[in-house]
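Asker: My questions all concern the structure below.
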Amino acid sequence: MGYREVAEKDHHARTMSLGAEKPNTKTSPLPPSKKRTSSWSDIWLKNTTPLKNVIFAMQLASPKDSKFKPTHKTLIPNWANIDRTSLLSDEILLKILAKLPESQGKPNSLVCKRWLNLQGRLVRSLKVLDWSFLQSGRLISRFPNLNQVDMLYGSFISDQNSGILLSYRMFSFHTGSEFSPKQRVSESNFKLLPPVVVDRGLDALASGCPNLRKLVVIGASEMGLLSVAEECPTLQELELHKCSDNVLRGIAACENLQVLKLVAYVEGLYSSVVSDIGLTILAQGCTRLVKLELCGCEGSFDGIKAIGQCCQMLEELTFCDHRMDGGWLAALSYCENLKTLRFQSCKRIETIPGPEEYMGACPALERLHLQKCQLRDKKSVRALFMVCGAAREIVFQDCWGLDNDMFRLASTCRRVKFLSLEGCSVLTTEGLESVILPWKELECLRVVSCKNIKDKEISPALSTLFSTLKELQWRPDTKSLLPSSVFGTSIGKKGSRFFRKTRDLKMLFDDQNLLLDFIHR
């Protein structure tokens, strides 16, 4: 037997003897002071009862019959099946939902009832299409934080099961099969809810949404608007259809109203009257108006004068298809802070302008816009430009009757910096040149769809004026050759060199066709 084999047997015998012996503290040869202190591992291994209980509980919770055991275990059972958003408070979840794009609003509301309620609290603007949804109170409970409500389309009595959608002016509603395309739209096709029903809806809306800031309504009475004025002190913008002098008593209580649109008459649909009485009531009650739009309203000098004297903060005034009596235009001089004057779809500007010595100008006026208006009376157009003599911006869009003689009346406005002509098919290059050449402060010019303004009629003086402009948009017709080189460029840089070169070439070439061919290249 070798030395290595004897050593292994000796080591194995000593190991077996040590494992079999039990420690005896009484006969231990070591003194008490030199005993080995117990470690954490000794304590853990000796006291194994709690550990056994934990292992036993885990074995009971684990599925016994499952063939596939999870690779890892979590402290919370069924963690994958728990809605983790339920651990978030409503305030935190509202902040998260508010950060998402608006297109995600409807999908988010379909997740669960809690998300439906939270998403409804984020909605601020709404159009009422079903009046019963408002009258039953579901709208307020569903959207408690609304501040902009449009009740216009929900006020129609229409056949929702009909597939025929009738659109007329600014309205669209369903109609029955008895309506013929050749039939003229009248009040018989246009049915509204009774004023009593509209007032009940306004009362419910005002009590449920005290922070309302914008409201669009049709067919309301004085009492319904009074409830809104009392319950919604923050109301700032109101669009009122089918209004009259009596109805205006209700909105006179809206002291903080700043933007107001009144629609009194719509041809073929409804006709109500707003006269000087209603305009005076409005002016005395809503003194903080900044923007006012009068559509189909009647009145005269006294009504406009009252608005100018009482509404001293008024900056923008719009007339749409107005029915004012003669002499009202002179009252605009009382609007001392008026900056923008608009005319839309007006068949006439003024019937009897009155003596020119009584025509005062609006000192602060900056912008005059005329859209789809008939400019056929020279006296009324002359009076208009006299009132707007301080205008810096003049816009004509699709105006009938604006020929050279009518446009020359605008020469009284000598401080114009921006001129826009669109759809003025009667105006020629000669008429344009005769007016804008004396305007020394002109900086921007826009000519679009004016078929009688030709490139070949541009004179050297007009091309020189073009070279000094800061902005030029020149598209009088589809055959114009200048847009390819000028449109979209800065006239003060590239445009000035372009027109200077054009002017020099025109002096060298007598044939205008050669000049246009060169510009086209």
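The values are calculated or read from the model by the stated rules, or taken from the named source; none is laboratory data. In this text the structure is predicted, and so the values were computed from the model without any measurement. Here the Cβ positions follow ideal geometry from the backbone for every residue, glycine too, while neighbour counts run over all protein chains shown. Surface accessibility is based on the protein's heavy atoms, side chains included, excluding ligands, DNA and RNA. Shrake-Rupley method; radii C 1.70, N 1.55, O 1.52, S 1.80 Å.
Asker: Tally the residues that are buried (at least 19 other Cβ atoms within 10 Å of the Cβ) and either in a strand (DSSP E or B) or among the charged types (D, E, K, R) (or both), restricting the search to the range 127-159.
Answerer: Counting residues in the range 127-159 that are buried (at least 19 other Cβ atoms within 10 Å of the Cβ) and either in a strand (DSSP E or B) or among the charged types (D, E, K, R) (or both) gives 2.
Asker: Then there's this: Could you list, in sequence order, the residues of the range 228-257 that are of a type outside the set (Lys, Arg) and in a helix (DSSP H, G or I)?
Answerer: Val228, Ala229, Glu230, Glu231, Leu248, Gly250, Ile251 - these are the residues of the range 228-257 that are of a type outside the set (Lys, Arg) and in a helix (DSSP H, G or I).
Asker: Would you point out the residue of the range 221-235, among those that are open to solvent by less than 60 Å² (accessible area, probe 1.4 Å) and under 25 Å from the mean Cα position of the chain (by Cα), that is farthest from Pro195 (Cα to Cα)?
Answerer: Restricting to residues being open to solvent by less than 60 Å² (accessible area, probe 1.4 Å) and under 25 Å from the mean Cα position of the chain (by Cα), the top hit is Thr234.
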